[in-house]
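Encoded as structure tokens, the structure appears first; notes follow it.
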Amino acid sequence: MLASKMLLSTLKDTPQEAKISSHILLLRAGMIKNEVAGVFNYLPLGLRVLKKIENIIREEMDVAGSEEILCSAIQPKELWVESGRWSKYGPELIRFTDRHDREFCLGPTHEEVFTSIVRDLVKSSKSLPKNIYQIQTKYRDEVRPRFGLMRGREFIMQDAYSFDKDEAGLEASYQNMADAYTRIFTRLGLKFRTVLADTGAIGGNGSHQFMALSEVGESDVVYCDCGYAADVEKAEARSEAYEDASTLDELEKIYTPNVGTIEELEKFLNRSAKSMAKTIIYHDYVNEKFVAVMVRGDREVNEIKLVNELNSTEFELVLATPEEIEALGSYHGFCGPKGLNIELYVDEEVAKMKSMLIGANERDYHFTNVKYGRDFEGKVGFFRKAAKGDLCPCCGKPMNLERGIEVGQIFKLQTKYSVPMKATYVDENNKNVPMVMGCYGIGVTRTMAAIIEQYHDEAGIIWPLQVAPYHAVIVPINAKDEEQMKLATEIYDKLRSNRVEVILDDRAAKPGFKFKDWELIGIPYMIVCGKRANENVVEFKERKDVMNKKELASNEAVDIITEAVRNIK
């Protein structure tokens, strides 16, 4: 490709709206263009990268025995009513009506559509198992689209669905897809972890996420050297009792004027947050009730686990307002379980505390020396977020924590969709039996951003060769110099004949400007034709080590690049 013919639109300065490296560099390198918040146009260079990611996915899905289809993004309300999700999915579901007042949504996911396809086309047990997938654009009305391709309202996703006769078949399909996803992310060059995950709005009884490790990730992952790893929404840990040395047996009410936070209590009473328990009240709009949950003072409530316990939804479980708390007979900052007449969920760590400090449900007062079982009771469970240093639930050793970008997730759906949507097969006894389903997804555009987060420097992107928009670029120092252009063209033709994707920068621009463009864009190899062109000698650079320049015979440079491209896995 001649650079003069390309749609190149690199930017020198950082766009104001971009905050993380992938968003900044995708905009600066001219790979995407913002349309509105959370919606992007993919320009030629960016689209080439996306297609390469998609091709790796397709190759591994073929190996896994999955067939590709393509579904419409427009989905009728009736399918979502069948599954029960039309009213439960939440405000992220983009709904609309046509001119005949028929209701539809833009698909954020495709469980209903795939289930209906297999329900209508597959009837016999002899036709199972089946595994089908697509790569298609999804739509979610994110409340705060941010970080470029990390969280958008429109994104490209690969989603696959397996249909089996029984649980044993699902287990085999699930492992098959887990292996396929592992191969995909390995081939893409990502550093990632496979972790236990919550099933969320998709449902089912088992799930794993594939987390690309990155400081800008929106998810925390706790893990142990023994092999245990989980997203904090799913993670658990062993509980330890904490006893403050100054505690007494007798319950005591103490005056704490205008001291309503854990941090303020620590200073005012000179005691550790670990000796306190905070009571947080939520309004559960799904079940039309208020509930309280208790965690240790230094802990955070795991709202996902609470949602699952209540069979509620994330967007309809909200913190109670100060006015609602007062109507319940308590005060914001002084809430406690003693005398609070609503359902109480107690983290198991709190239940094991020998004594604790709690709110007294009275302004400016707390109780101390409180004991679970003597002074209050509730439903005990794991309602806190796991944290670094917590003890592994498997081996009991302290766990570590990393941030990660969720690039893929797999689910054991079982019969969550096949039962309500009547996706059945006829068994040997001529009975209709629900198919057992699995669901598997990769965020293609998010994966593109995750690769950049792991592969960049101060000059720009450093694409792994297998996903780079082009493998190499040839830069004549002076495009008007006949010797330089002659050698550049010869190298260009040789590389193209060797199936190398190559750019010839024939632009009438200064060399430094050209170099900065290609370093920003992240082309893996650069061949510079300069003053020794008449000797067939070039300067050779690799993007991953731009400071390491060496002079080579032009044929040697061609051979190095050709061999590298030939060995792409």
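Before moving on, here are some points about what is shown:
Matching residues to (1) open to solvent by 40 Å² or more (accessible area, probe 1.4 Å); (2) modelled with pLDDT under 95; (3) basic (Lys, Arg):
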{"site": "Lys274", "(1), (2), (3)": "yes, yes, yes"}
{"site": "Ala292", "(1), (2), (3)": "no, no, no"}
{"site": "Thr313", "(1), (2), (3)": "no, yes, no"}
{"site": "Thr321", "(1), (2), (3)": "yes, no, no"}
{"site": "Cys335", "(1), (2), (3)": "no, no, no"}
{"site": "Lys338", "(1), (2), (3)": "yes, yes, yes"}
{"site": "Met356", "(1), (2), (3)": "no, yes, no"}
{"site": "Gly359", "(1), (2), (3)": "no, no, no"}
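- Residue pairs meeting the criteria (Cβ under 6 Å; at least 6 apart or on separate chains; first touching a residue at least 60 places away in the same chain (Cβ under 8 Å), in the stretch 67-93; second aromatic (Phe, Trp, Tyr) and open to solvent by less than 70 Å² (accessible area, probe 1.4 Å)): Glu68/Tyr133; Ser83/Tyr417
- Whether a residue is in contact (Cβ under 8 Å) with a residue 60 or more places away in the chain, outside any loop (DSSP other than H, G, I, E, B) and over 28 Å from Phe155 (Cβ atoms) was assessed, and Ile410 does not pass this test.
- Some residue of the stretch 99-120 being surrounded by fewer than 18 Cβ atoms within 10 Å (Cβ to Cβ), among the acidic types (Asp, Glu) and touching a helix residue (DSSP H, G or I) at 6+ places or on another chain (Cβ under 7 Å): yes
- Options Arg374, Arg403; residue that is under 30 Å from Leu188 (Cα atoms), modelled with pLDDT under 95 and either open to solvent by 30 Å² or more (accessible area, probe 1.4 Å) or assigned to a loop (DSSP other than H, G, I, E, B) (or both): Arg403
- Residue in the stretch 496-519 that is in contact with a Gly (Cβ under 7 Å, 6 or more places away or on another chain), open to solvent by 40 Å² or more (accessible area, probe 1.4 Å) and either among the acidic types (Asp, Glu) or farther than 27 Å from Lys12 by Cα (or both) present: no
- Residue count for the stretch 410-437, restricted to those that are open to solvent by 20 Å² or more (accessible area, probe 1.4 Å), polar (S, T, N, Q) and at negative phi: 4.
- Breaking point among (1) out of contact with any Asp or Glu (no Cβ under 8 Å at 6 or more places or on another chain); (2) part of a loop (DSSP other than H, G, I, E, B); (3) open to solvent by 10 Å² or more (accessible area, probe 1.4 Å), for Tyr470: (1)
- Residue satisfying all of: in the stretch 221-240; open to solvent by less than 60 Å² (accessible area, probe 1.4 Å) and over 21 Å from the mean Cα position of the chain (by Cα); modelled with the lowest pLDDT among these: Ser239
- Checking each residue in the stretch 137-170 for being free of Cβ contacts under 8 Å to residues at least 60 places away in the same chain, closer than 24 Å to Ser116 by Cα and surrounded by fewer than 19 Cβ atoms within 10 Å (Cβ to Cβ) picks out only Ala168.
- Some residue of the stretch 416-423 being among the hydroxyl-bearing types (Ser, Thr, Tyr), in a strand (DSSP E or B) and over 30 Å from Ile523 (Cα atoms): no
- Scanning the stretch 74-85 turns up no residue that is in contact with a strand residue (DSSP E or B) (Cβ under 6 Å, 6 or more places away or on another chain) and within 30 Å of Ile462 (Cβ to Cβ).
Residue-by-condition table, conditions (1) part of a loop (DSSP other than H, G, I, E, B); (2) touching a residue at least 24 places away in the same chain (Cβ under 8 Å); (3) of a type in the set (D, E, K, R); (4) over 16 Å from Met1 (Cα atoms):
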position: Lys480; (1), (2), (3), (4): yes, yes, yes, yes
position: Asp493; (1), (2), (3), (4): no, no, yes, no
position: Lys514; (1), (2), (3), (4): no, yes, yes, no
position: Glu519; (1), (2), (3), (4): no, yes, yes, yes
position: Ile523; (1), (2), (3), (4): yes, yes, no, no
position: Glu551; (1), (2), (3), (4): no, no, yes, yes
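- Total residues in the stretch 155-171, condition in contact with a helix residue (DSSP H, G or I) (Cβ under 9 Å, 6 or more places away or on another chain) and not hydrophobic (A, V, I, L, M, F, W, C): 6
- Yes/no for Thr109 being under 20 Å from Gly65 (Cβ atoms), in contact (Cβ under 8 Å) with a residue 24 or more places away in the chain and not in a strand (DSSP E or B): no
- Looking only at the stretch 434-461, and only at residues there that are among the β-branched types (Val, Ile, Thr) and out of contact with any strand residue (DSSP E or B) (no Cβ under 6 Å at 6 or more places or on another chain), the one that is nearest to Gln409 (Cα to Cα): Ile451
- Within the span defined as the stretch 14-27, every residue fails to be within 30 Å of Lys422 (Cα to Cα), small (Gly, Ala, Ser) and either in a helix (DSSP H, G or I) or touching a Ser or Thr at 6+ places or on another chain (Cβ under 6 Å) (or both).
- Helices (runs of 4 or more DSSP H) (entirely within the stretch 231-344) containing at least 3 residues that are closer than 14 Å to Asn361 by Cα: 322-327
- When residues of the stretch 67-98 are limited to those that are exposed (fewer than 13 other Cβ atoms within 10 Å of the Cβ) and modelled with pLDDT under 95, the one nearest to Glu154 (Cα to Cα): Pro91
- Scanning the stretch 475-494 turns up at least one residue that is within 30 Å of Ile20 (Cβ to Cβ) and touching a helix residue (DSSP H, G or I) at 6+ places or on another chain (Cβ under 9 Å).
- A single member of Glu303, Glu348 is touching a residue at least 12 places away in the same chain (Cβ under 8 Å), under 30 Å from Cys226 (Cβ atoms) and either among the polar types (S, T, N, Q) or touching a Leu at 6+ places or on another chain (Cβ under 8 Å) (or both), and it is Glu303.
- Scanning the stretch 198-207 turns up no residue that is over 22 Å from Pro129 (Cβ atoms), out of contact with any Asp or Glu (no Cβ under 6 Å at 6 or more places or on another chain) and modelled with pLDDT of 95 or more.
- Matching option when the condition is at positive phi, out of contact with any helix residue (DSSP H, G or I) (no Cβ under 6 Å at 6 or more places or on another chain) and surrounded by 20 or more Cβ atoms within 10 Å (Cβ to Cβ), among Gly441, Gly522: Gly522
The values are calculated or read from the model by the stated rules, or taken from the named source; none is laboratory data. Note that the structure is a prediction, hence the values are computed from the model and not measured. Neighbour counts run over all protein chains shown; Cβ positions are idealised from the backbone, glycine included. Just so you know, the surface numbers come from the protein's heavy atoms only, side chains and all, with ligands and any DNA or RNA stripped out. Shrake-Rupley method; radii C 1.70, N 1.55, O 1.52, S 1.80 Å.
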